[in-house]
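To keep things clear, I will list the structure first and then write my remarks on it.
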Amino acid sequence: MNSAGFQLKESSESRIITERLIPGTELISGIKKICSDNALKCGAIVSGIGSLKRAEIICVKPNNDAQAGIKYCNPVMINGPIELLSCQGMIGHTPDGEISLHIHGIICDSNMKLYGGHFVDGCITLVTVEITIIEITNTDLLRELDEETGFSIFKFYTKNNKRE
């Protein structure tokens, strides 16, 4: 493990992008389209609120056979109407340049039961999802296999492509 216990890169923000996903828009592909339309390569989703017709989430569970001692559960679908109480995450890319998202959130069903986890494809906007993204510059968020954990995670690099 890295002796410092963390990976840190100094970056700066250049833009704040606020957009609304309309009814029927899939959350993940909708956010990727926002990024594509705004030529945003790296950023932080600092706020996401609204309502969903349905949500699909995963979370970690113990697995002694896995390198990190955990694995993701199978996707769990929660049918709506659902309040999207909180959504945040990171925006980066894969080595081949595809936009990659890592989004977590908290939702509430019509019985006020809370769920939280990692959003995956299949979350559909009901009335609105309002998203605020801060673009990150001077830092490159690259999704790569992490040999220490066995997971594909974002690694943070300086923008000059110097891998530190």
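The values are calculated or read from the model by the stated rules, or taken from the named source; none is laboratory data. Note that the coordinates shown come from a computational prediction; the quantities given were computed from them, not determined experimentally. Cβ coordinates were reconstructed from backbone atoms using ideal geometry, including for glycine residues, and neighbour counts include every protein chain displayed. These accessible areas exclude ligands, DNA and RNA; they are computed on the full protein's heavy atoms, side chains included. Shrake-Rupley method; radii C 1.70, N 1.55, O 1.52, S 1.80 Å.
Please list, ordered by chain and number, the residues whose modelled amide H lies under 5 Å from the amide H of GLY122; skip anything fewer than 5 residues away on the same chain.
LEU27, ILE28
What does the highest-first list of 89-96, 145-152 look like by mean Cβ count within 10 Å? Write down the numbers at each step before the final one.
Details: 89-96: 16.6, 145-152: 12.8.
The peptides rank, most packed first, as 89-96, 145-152.
Please list, ordered by chain and number, the residues whose modelled amide H lies under 5 Å from the amide H of ILE82; skip anything fewer than 5 residues away on the same chain.
LEU52
Quick check: at a probe of 1.4 Å, how many percent of the accessible area of the stretch 110-164 sits on carbon and sulfur atoms?
Numbers: 1630 of 3010 Å².
The value for the stretch 110-164 is 54 percent carbon and sulfur by accessible area.
VAL60 to LYS159: FRET efficiency via 1/(1 + (r/R0)^6), r the Cβ-Cβ distance, R0 22 Å, to the nearest 0.05?
Numbers: r = 31 Å, r/R0 = 1.40.
Calculated transfer efficiency: 0.10.
At 222 nm, what value in deg cm²/dmol follows for the chain if DSSP H runs of at least 4 each add -39500 (n - 2.57) and the sum is divided by all its residues, to the nearest 500?
-2000 deg cm²/dmol
Leaving ligands, DNA and RNA out of it, work out the accessible area of LEU101 with a 1.4 Å probe and give it in Å² to the nearest 10.
Per-residue accessible area (LEU101): approximately 20 Å².
Would you mind pulling out the separation of the Cα centroids of the stretch 57-97 and the stretch 131-146, in Å?
Their Cα centres are 17 Å away from one another.
Please state the shape class of the stretch 1-142: rounded when a/c is under 1.5, otherwise prolate if a/b exceeds b/c and oblate if not, all from the C-alpha gyration tensor. Mind dumping the intermediate values first?
Values: a/c = 1.99, a/b = 1.12, b/c = 1.78.
Oblate, since a/c reaches 1.5 and b/c is not below a/b.
Based on the mean of other Cβ atoms within 10 Å per residue, sort peptides 107-118, 42-53, 19-30 so the most packed one is first. Display every interim value, and only then the final one.
Numbers: 107-118: 13.8, 42-53: 19.3, 19-30: 16.5.
Those peptides, ordered most packed to least, come out 42-53, 19-30, 107-118.
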